[in-house]
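Here's the structure, in structure tokens; my notes come after.
The values are calculated or read from the model by the stated rules, or taken from the named source; none is laboratory data. In this text, all values refer to a predicted model and were calculated from it rather than measured experimentally. Cβ coordinates were reconstructed from backbone atoms using ideal geometry, including for glycine residues, and neighbour counts include every protein chain displayed.
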Amino acid sequence: MALKKSALTVGATHTERVIENLSRTQLVMYAGTSGDYNPLHTDDLYTKEIAGYPGVFAHGMLTMGLTGKMLTNYVGDGRLKKFGVRFTNQVWPGDTLDSTATVAAIREENGELLVDLTISTTNQDGKEVVSGTATARIDP
Amino acid sequence: MMFARSVDDPNPVYYDAEAAKKTEVGGIIAPPTFPQSVAQFDPDYFLRPKHGQKWFGSAKGPTGITEKPASSGGLHAEQHFEYHRPLRPGDVLTVETKPGATWEKESKRAGKLLFSERITEYRDQNGDLVVTARSVGVRTEKPVAQS
């Protein structure tokens with residue numbers, strides 16, 4: 001399942017749809033497993049009337065988790081060395097997200113073959129919600 | 001498995017011991033963003049309602065507290081993980097969090113932004129470093145404007 005250096009080229013991309021029509025219930029599930037019960041993510045009344053947003057929105061870490069699904073499907077299980085993101089726009093219920101990894105570099109470090117990836121997750125309007133980088137071990 | 005479900009990831013390596021045995025990692029591992037759930041084990045975590053304390057989310061009214069919060073609240077700006085090995089069931093992790101840098105920025109969409117960084121080190125039962133996390137939070141002067 002792991003990537004092979006011989007089959008990779010800089011600029012190659014891998015894209016997956018990571019969520020379609022994101023439900024509020026998914027936000028509740030993520031609150032429960034992550035332990036982050038910030039009402040901004042599950043409590044519409046609070047979020048509208050107190051926080052001043054149009055409604056509940058996704059935990060950044062949920063979007064990172066969805067992006068991570070694309071990443072581990074691409075690089076294989078247990079292959080990630082680094083995974084980092086910036087949350088560039090909020091994600092709302094009803095959003096459909098696509099995540100893309102692009103090969104930025106293929107290199108060797110301390111005897112390990114590595115791939116550096118740039119990562120971007122966008123919503124149905126093409127707006128980027130997560131941008132980041134990752135590094136994973138690859139095979140020859 | 002519940003965590004994998006909550007990030008909509010059906011990969012059996014996160015819950016099916018038989019299927020996971022046949023993979024390269026040889027057994028169940030945790031998804032890459034799972035370490036953040038350490039919040040469950042922090043007795044003082046401020047984003048969880050606590051026994052006997054007022055909660056700022058809605059109940060009879062839109063908030064359960066009477067004082068107005070000082071800002072429109074904190075948002076997560078960045079998250080970075082460095083993995084030294086996969087996390088496996090049975091691991092006992094000890095976590096140490098240190099504050100990192102803080103900085104300010106002016107933004108059109110949310111006024112003055114106050115960024116603060118936290119570095120969290122996850123060590124296993126042998127004292128070995130398994131995950132290092134760097135989290136950047138931001139407090140906004142006003143809610144982020146929607147474009």
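Number of residues in the range A:5-15 that are in contact with a strand residue (DSSP E or B) (Cβ under 7 Å, 6 or more places away or on another chain) and either modelled with pLDDT under 95 or within 11 Å of another protein chain (Cβ to nearest Cβ) (or both) equals 1.
Taking every residue in the range B:45-61 that is more than 22 Å from residue A:33 (Cα to Cα) and pairing it with any residue that is part of a loop (DSSP other than H, G, I, E, B), at least 6 positions away or on another chain, the pairs with Cβ-Cβ distances below 8 Å are B:54/B:64; B:54/B:65. A count restricted to the range B:115-129 and to residues that are within 22 Å of residue B:92 (Cα to Cα) and in a strand (DSSP E or B) stands at 7. Taken over the range A:82-117, the residue count meeting the criterion of being assigned to a strand (DSSP E or B) and within 14 Å of another protein chain (Cβ to nearest Cβ) is 15. If you go through the range A:38-59 one residue at a time, do you hit one that is surrounded by 21 or more Cβ atoms within 10 Å (Cβ to Cβ), within 29 Å of residue B:23 (Cβ to Cβ), out of contact with any helix residue (DSSP H, G or I) (no Cβ under 8 Å at 6 or more places or on another chain) and more than 7 Å from chain B (Cβ to nearest Cβ)? No: the range A:38-59 contains no residue that is surrounded by 21 or more Cβ atoms within 10 Å (Cβ to Cβ), within 29 Å of residue B:23 (Cβ to Cβ), out of contact with any helix residue (DSSP H, G or I) (no Cβ under 8 Å at 6 or more places or on another chain) and more than 7 Å from chain B (Cβ to nearest Cβ). If only residues of the range B:26-44 that are without any contact (Cβ under 8 Å) to a residue 60 or more places away in the chain and more than 30 Å from residue A:48 (Cα to Cα) are counted, the one that is surrounded by the fewest Cβ atoms within 10 Å (Cβ to Cβ) is B:26.
Only one of these is touching a helix residue (DSSP H, G or I) at 6+ places or on another chain (Cβ under 9 Å) and farther than 28 Å from residue A:55 by Cα: B:47, B:93. Name it. Selected residue: B:93, the only one of B:47, B:93 that is touching a helix residue (DSSP H, G or I) at 6+ places or on another chain (Cβ under 9 Å) and farther than 28 Å from residue A:55 by Cα.
Selection of the range B:20-41 for residues being charged (D, E, K, R) and facing chain A (nearest Cβ under 8 Å) yields only B:24. All conditions in (1) in contact with a helix residue (DSSP H, G or I) (Cβ under 9 Å, 6 or more places away or on another chain); (2) closer than 30 Å to residue A:50 by Cα; (3) of a type in the set (S, T, N, Q); (4) part of a loop (DSSP other than H, G, I, E, B) hold for residue B:23, with the sole exception of (2).
Inspect all residues belonging to the range B:79-88 and state whether any of them is in contact with a Ser or Thr (Cβ under 7 Å, 6 or more places away or on another chain) and over 25 Å from residue B:2 (Cα atoms). No: zero hits. Within the range B:104-126, the set of residues being more than 14 Å from every other protein chain (Cβ to nearest Cβ) and free of Cβ contacts under 8 Å to residues at least 24 places away in the same chain comprises B:104, B:106, B:116, B:126. Considering the conditions (1) touching a strand residue (DSSP E or B) at 6+ places or on another chain (Cβ under 8 Å); (2) at pLDDT 95 or above; (3) surrounded by 16 or more Cβ atoms within 10 Å (Cβ to Cβ), residue B:76 is excluded by exactly one of them, (2). The set of residues in the range B:95-110 that are among the polar types (S, T, N, Q) and at pLDDT below 95 comprises B:97, B:107.
Just checking, does the range A:60-68 include any residue being of a type in the set (Val, Ile, Thr), facing chain B (nearest Cβ under 7 Å) and assigned to a helix (DSSP H, G or I)? No, the range A:60-68 contains no residue that is of a type in the set (Val, Ile, Thr), facing chain B (nearest Cβ under 7 Å) and assigned to a helix (DSSP H, G or I).
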